[in-house]
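S.K.: Pasting a structure here, questions to come.
Please treat every number below as a calculation from the coordinates, not as lab data. All values derive from a computational prediction rather than experimental measurement. We place every Cβ from the backbone using ideal geometry, glycine too, and count neighbours over all the protein chains shown.
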Amino acid sequence: MGCRRRVRDLLSAGLLLLALGAVAGAAWLTRHPEWPGLVRAAGWPVVGPLAARFRAAYLPAPAPQQPPGGGEPPRWIVVWEEDAPEPAPPSPLPPPEPPAPRPIPVGEVWVRPGSPLRERPDAAAEAVERTASWVLLPVVERRDGWAAVLRGGRPLWLADAALSGPEERPLGSEPLPPGPVAPAPPDPALLAEARRLLGPEAWEARLGPYVLLSDLPTREPVASLAAAVEMAEGAYRARTGLAPAAAAGGTIVLFAREASYRELQAGEEGIAGLPASGHALGAFVALFAGGQGGDETASVLLHELAHLLNQRAIGPALPPWLDEGLAEDLAGSARDAAGRPLPGTYGGLLRREKERWSATGGSAALAEAARALERAPGPLLPGLLELDRDRFLGGEPPGVSYALAFLFVRFLFEGEGGALAPAFRAFLADVAAGAPATAAALGARLDRGWPAVEAAWRAFVAAERLRVLGDAYVAPPAWRRRSSSRHAAEPSA
């Protein structure tokens, strides 16, 4: 009898300890939803749906916002099936009417934040939208205190009171200069918060001209990051033909845990919840290593360093397609054994598992751009070049604007055997000298109409898709795309 009682007591104690352990484990997972074991569990057949819902409930919610100094785009994994069914043929439709000719701009003007854009020049007309920030728009007509500006490819009307004079620049009393500048030094309060989040494990080292702050257990600079810093400026100079006017410098914060990076984001207006692996604010760069490989972390760092190089070589007031496209052209390239970016190549991995293909990095961006162009046969390029930062980030699906900007910049450097590169580099030099970074200015340098440019761009992307992805690429209806932020990088079962 006594033996049975002891056995029951031991079983009861064991069950109690097991229950307490389960509760403690669940509490720990709510603070660490990015734990690799939980990520893998989300792909298991029985407990997978429960694990996926648990992670979705406790992962930080992304918000479509952009840091003032530029951000690293969502890192994509694209997944597609070889044996997907072919789409049904479309029903016969009458041929579409030819598009109306686009108005020819007669000038351009800065528009103040919060300005209403209307369908007609009438203060009583309903506002179609309001500008979220300063934006430079082409003017196509002026009429009795009103100006028609091109917005999304169509003319909308603004009252003259919404327009700045040509001498007025964004940010009011602290105008953004039209040429190269040194990125603003890191905010002391931001540095202090980063150090607090790094905690007692924090260490400091030099990474070329930058100060590196990190809590990685190695307590020394990662070799791939050192190579990225060493090679970035030389690759940028060779690619753009521009020499940065200011010296490199600043602070790079590399978090070991994604949760620490997300907490830093949450405290900063304009970057809270951004679905990215890194961002730059002036001469302050923050990113996380987490479960990413060294090559992926180096790609994120290269993207952010390119934003700093853009400021130092061209200027801080660049349209998003140009700022992000140049950054992705550098970061999306493959690198040699020394870490040097190889212009014209596509980094990342292309792999096959049974009938499933997946791509990452620059290869995924190429697939994403090819997919977007195949889905939209009408003109995309004029609208892409007109996007302000808010609309650039708010595209659907998220991140497609990054891929399109990357492949347009890649086309300007590599398309038609490099024939367009001299005109594009001349345009970059013009902007660095203070000229406007507008589509009209780029078109004047290219010396051809936008329909011809778009047709050549589409042909280039299609040829690159065939050259790089080959038989791995399938028709758009068979496509699935996933964000490759670490918490969503696992392919779905």
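S.K.: Of the listed peptides 123-132, 428-437, what is their order by residue-averaged count of other C-beta atoms within 10 Å, with the highest listed first? Spell out each step's value before the answer.
M.R.: Numbers: 123-132: 12.1, 428-437: 18.1.
Ranking the peptides 123-132, 428-437 by packing returns 428-437, 123-132.
S.K.: For a quick check: with amide H placed at 1.01 Å from N, whose amide H comes under 5 Å from S115's, ignoring anything fewer than 5 positions away on the same chain?
M.R.: Those lying under 5 Å, H to H, from S115 are T131.
S.K.: In whole Hz, what ³J(HN,Hα) sequence does the range 418-432 give by Karplus (6.51, -1.76, 1.60; θ = phi - 60°), x for Gly and Pro?
M.R.: x, 5, 8, 4, x, 5, 5, 5, 5, 4, 4, 5, 4, 5, 4
S.K.: Counting other Cβ atoms within 10 Å, keep those with at most 16, restrict to DSSP loop, and tell me which trypsin sites (Lys or Arg not before Pro) in the range 433-464 are left. Provide the component values of the computation, followed by the final result.
M.R.: Numbers: sites: R445, R448, R458; in loops: R448.
Qualifying residues, ordered by number: R448.
S.K.: What are the ³J(HN,Hα) couplings of the range 207-224, residue after residue, when phi is run through the Karplus curve with 6.51, -1.76, 1.60 and θ = phi - 60°? Round to Hz, x for glycine and proline.
M.R.: Once θ is set to phi - 60°, the couplings for the range 207-224 become 10, x, x, 9, 8, 9, 10, 7, 10, 4, x, 5, 6, 7, x, 5, 4, 5 Hz.
S.K.: Which cross-chain or sequence-distant (5 or more) residues have an amide H under 5 Å from the amide H of V109, H modelled 1.01 Å from N in plane?
M.R.: Excluding prolines and chain starts, which carry no amide H, the hits are L137, V139.
S.K.: Let me ask something additional. Decide, for the range 113-162, between rounded, prolate and oblate: order the square roots of the alpha carbon gyration tensor eigenvalues as a ≥ b ≥ c, take rounded if a/c falls under 1.5, and otherwise choose prolate if a/b is larger than b/c, else oblate.
M.R.: On the way: a/c = 1.34, a/b = 1.12, b/c = 1.20.
It is rounded, given that a/c, with a ≥ b ≥ c, falls under 1.5.
S.K.: Here's a follow-up. Expressed in nm to one decimal, what extension gain is obtained for the pair A337 and A123 from 0.36 nm per residue of sequence separation less their Cα-Cα distance? Provide the component values of the computation, followed by the final result.
M.R.: Working: separation 214, 0.36 × 214 = 77.04 nm, distance 6.18 nm.
Net length gain for the segment: 70.9 nm.
S.K.: Ok, one more. When the Karplus curve 6.51 cos²θ - 1.76 cosθ + 1.60 is applied with θ = phi - 60°, which whole-Hz ³J(HN,Hα) does each residue of the range 402-412 get, with x for Gly and Pro?
M.R.: Here the 3J(HN,Hα) series is 4, 5, 5, 5, 4, 6, 6, 5, 4, 4, 5 Hz.
S.K.: Within the range 179-254, which trypsin sites (Lys or Arg not before Pro) sit in a loop by DSSP and count at most 14 neighbouring Cβ atoms inside 10 Å?
M.R.: Working: sites: R195, R196, R206, R219, R237, R239; in loops: R219.
Taking the range 179-254 and a limit of 14 other Cβ atoms within 10 Å, the loop trypsin sites (Lys or Arg not before Pro) found are R219.
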